[in-house]
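Encoded as structure tokens, the structure appears first; notes follow it.
Taken together, the values in this text are just the output of simple stated rules run on the coordinates, not laboratory data. Just so it is clear, the model here is predicted, and its values are computed rather than measured. Note that each Cβ is placed from the backbone with ideal geometry, even for glycine, and that neighbours are counted across all protein chains shown.
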Protein chains: 2
Amino acid sequence: MKGNFVYYNPTKLYFGPDSLNGLKEELKKYGPNLMLNYGGGSIKRNGIYDEVMAVIKETGKTVVENPGVMSNPTLAKLREGVDIARKHQIDLILAVGGGSVCDYSKAVAACAHYEGDYWDAFYLKQQNPPQSQQILPVACVLTMAGTGSEMNAGTVITDADTKLKVGHVYDERLLPQFSILNPNFTLTVPVEQMKAGIFDIMSHILEQYFSDDDDNTSDYLSEGLMHSLIVAARKAVKDPKDYEARSNIMWTATWALNGLINKGKKEDWEVHMIGHSVGAWTHAPHGYTLAAVSLAYYRKIMKFGLKKFVRFAENVWGISPQGKSDEQIANEGLDALKAWMQEIGLPLTLKDIGTTDDMLEGIARGTFLLDAGYHQLTHDELMEVLHESM
Amino acid sequence: MKGNFVYYNPTKLYFGPDSLNGLKEELKKYGPNLMLNYGGGSIKRNGIYDEVMAVIKETGKTVVENPGVMSNPTLAKLREGVDIARKHQIDLILAVGGGSVCDYSKAVAACAHYEGDYWDAFYLKQQNPPQSQQILPVACVLTMAGTGSEMNAGTVITDADTKLKVGHVYDERLLPQFSILNPNFTLTVPVEQMKAGIFDIMSHILEQYFSDDDDNTSDYLSEGLMHSLIVAARKAVKDPKDYEARSNIMWTATWALNGLINKGKKEDWEVHMIGHSVGAWTHAPHGYTLAAVSLAYYRKIMKFGLKKFVRFAENVWGISPQGKSDEQIANEGLDALKAWMQEIGLPLTLKDIGTTDDMLEGIARGTFLLDAGYHQLTHDELMEVLHESM
């Protein structure tokens, strides 16, 4: 475990078929004005809205609804939410939805009491809210597994005008106070969204796993999470109503991005950087943008972190090393990842998700090139990755 | 992930060679009266006491020292600590030491403001402190890896007169506020204690792993932790000054018993029940008491949870299943565990840790027989396990 680090994650998780019971307990701790953020209305069709509202009504809160949070929450929508929070003196923001709604709610919580230009300060300049500034408490009723937003302080917002999709991990004050994780709520998610979530989880793990080559407990935990996800994803694709598989996917998602498996490690979030830019151009589901570029990216950087790619092949996919060069073993590991992705029915190319050649330069322009993993891509190498992903 | 559960663990962990910096930050948050619990004085010889005191002095606290916390903290010592906490109106209890000092500090924190007979209520009757009762905040500077006490709400106290060693997991108010985990502090621990800690960790994982046979993310995380521990233990025994190995052991210990890997599972703490009773009779290090009885216990219950023992053999030890019966595979897994224990230099029998035949009936009398794992031992089976462990 290299270096010094702090682990602190006080988000309280209520998990299971009856986890909404936790909402009633927790709501008692907050003031009367509740902001209810949700997406396009699917929670009204599948009954989750009614279930949540029944609990809220019992607690006598004043509810201000803010529907219409989109899958890549926009800056314009953020401004709307901030105005609502200010106008109604909101005491608690409750996100009911997937990672986008949760991300969005954290963004509103961070910006509501900030006096200046929050897009410029928090996103473009990547500053944290001042310590003296009030940050609204956020909680989450999760309806889709993938982003891990329910137990981390991250948020991603897209400026639709400039096509900039910017992520920001705020300080610990943005961690949700509590999250309700009911696997049954994920059963009504369309299968395509479930698959996108599955690859989002896998990518979160891979992007923390593929850095360093020392012996680190975090990498073993990552391998454990990958094993769980690989098995559960196969089952969930065969039978999306398989509670055991869906509950494992939900739990894996939370632990893949709550600050556990990056401890004592560098991380390499380049795939997310590329994926965010692809998302701003194509509006494809986040997980699909990651799936479309991962294989080409990892083949590109493989030789710079060969030892770890060999380990990945052997420990995660059970590739036998006998009589093979390290390159062969490593490539077979990525072949196995690809085969699993095909089995799950994930898109494997940018074309699959509607990217056209004329977008690639723009996608590259919107991609931050990070220097944290085995190799920092040059612009030319990034263009190669994009072309090889087409 | 079966059933409903809550995960909540707000202990803040400062990890690394400079983690004592966190102590200064955190101490500011508490009142002036600090109770400093530690053990037999090794922290004075190795310089940790001076380092900690230097930080405390900078913060201007009034320190009340309570040294002499023994490796199996006694009820008599608990009563001493409670009297000190009451007399000096303690605001924060700081444990500097291993799991025993940390366990002990939580016990004092729970009992200090309880009006009645806390041994009877909290330990013998296994009640929680009333919600209305004040519980003192506890923090920990960890000097030995093993128990996980630095990030959980558990505590074990021994009544020396009746030889009863009783564990109690209190409610979440007993979770340490923060813990300082500096792997360098563990480097001065005698090798025998390091080994005992290593098996304590392994046993914590095994006792959560060996229950249920469904597909559960917790079991994959357990396998990840075991892989990390197996590798790190081998390195640490070869070179106890190996920081990488010692830091992995320290981190693994924390996550092996902080409420993560038991989620959605039953657990089977029978080995700890037997070990506690052995400890009350032999005063052997806690981890050694577990090592001495584990193999016989797992061989005894193996047939009742055969599927999981086969998985253990294959996933943890890489046993090839080809051409073997499930029983053979499972036994080879336990053989591999035994070989690893021998490699580490752990005691494999009760005799090795000073148990004599005339103690066995007494040990059995002091052993709770749990009904949570694959099989509840009868008294006769418990006696068989003890005899087979001799």
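Of note:
- A Förster distance of 45 Å, applied to the separation of the beta-carbon atoms of B:Lys303 and B:Asp161, puts the FRET efficiency at 0.70.
- Angle between chain B longest axis and helix B:48-58 axis [Cα atoms, degrees, rounded to 10]: 40 degrees
- Sequence-distant contacts, meaning Cα pairs under 8 Å at least 6 residues apart, place the relative contact order of region A:199-389 at 28 percent.
- A dipole drawn for chain A from +1 and -1 charges on Cβ atoms has a positive end, and of A:Ala292, A:Ser247, A:Gly333 the residue lying farthest that way is A:Ser247.
- Rounded to the nearest 20 debye, the dipole magnitude of chain A is 920 debye, with +1 charges on Lys and Arg beta carbons, -1 on Asp and Glu beta carbons, and the Cα centre as origin.
- In this simple spin-label approximation, A:Tyr243 and B:Tyr8 carry label points 7 Å from Cα along the Cα→Cβ vector, and these lie 2.4 nm apart.
- Too-long pairs where the Cα-Cα distance tops 32 Å, listed order kept, from A:Lys266/B:Lys238; A:Lys87/A:Lys195; B:Lys61/B:Lys165: A:Lys87/A:Lys195; B:Lys61/B:Lys165
- For region B:140-176, the residues whose amide N sits under 18 Å from a probe point set 7 Å from the Cα of B:His113 along the beta carbon direction are B:170-176.
- Label distances, nm, B:Pro32 versus same residue in remaining copies, Cβ-directed 7 Å point: 4.2
- Rounded, prolate or oblate (a/c below 1.5 giving rounded, otherwise prolate when a/b exceeds b/c) for chain B by Cα gyration tensor: prolate
- Three-way shape call for region B:340-379 based on the alpha-carbon gyration tensor, with the a/c threshold at 1.5: oblate
- Two-site label geometry, B:Lys24 and A:Gln322: point separation in nm, points 7 Å out along Cα→Cβ: 5.8 nm
- By the helix-only formula, in which each DSSP H run with n ≥ 4 contributes -39500 (n - 2.57) and the sum is divided by residues, the protein assembly as shown has a 222 nm mean residue ellipticity of -14000 deg cm²/dmol.
- Other protein chain C-beta atoms within 10 Å of residue C-beta, averaged over A:11-24: 3.
- Each residue in B:Thr11, B:Thr349 was given a count of other beta-carbon atoms within 10 angstrom of its own, and listing them fewest first yields B:Thr349, B:Thr11.
- Under the convention that each Lys and Arg Cβ holds +1 and each Asp and Glu Cβ holds -1, the size of the dipole of region B:315-390 around its Cα centre is about 260 debye.
- Straight Cα distances below 12 angstrom link A:Lys125 to the aspartates and glutamates A:Asp117, with same-chain residues fewer than 8 positions distant left out.
- Take every pair of alpha-carbon atoms less than 8 Å apart whose residues are at least six positions apart; their mean separation over the length of chain B yields a relative contact order of 16 percent.
- Taking B:Tyr104, B:Tyr118 and counting other C-beta atoms within 10 Å, the order from fewest to most: B:Tyr118, B:Tyr104
- Global form of region A:299-372, assessed from the alpha-carbon gyration tensor, a/c cut-off 1.5: oblate
- Listed by chain and number, the lysines whose C-alpha is less than 22 Å from the C-alpha of B:Lys265, apart from same-chain residues fewer than 8 away, are A:Lys12, A:Lys235, A:Lys241, B:Lys2, B:Lys300, B:Lys303, B:Lys307, B:Lys308.
- Lys/Arg +1, Asp/Glu -1 at C-beta; region B:192-389 dipole; positive extreme among B:Ala196, B:Ala232, B:Gln342: B:Ala232
- Taken about its Cα centre, the protein assembly as shown carries a charge dipole of roughly 1080 debye when the Cβ of each Lys and Arg holds +1 and the Cβ of each Asp and Glu holds -1.
- Per DSSP, loop GluC sites (Glu not before Pro) in region A:277-376 with at most 14 further Cβ within 10 Å: none
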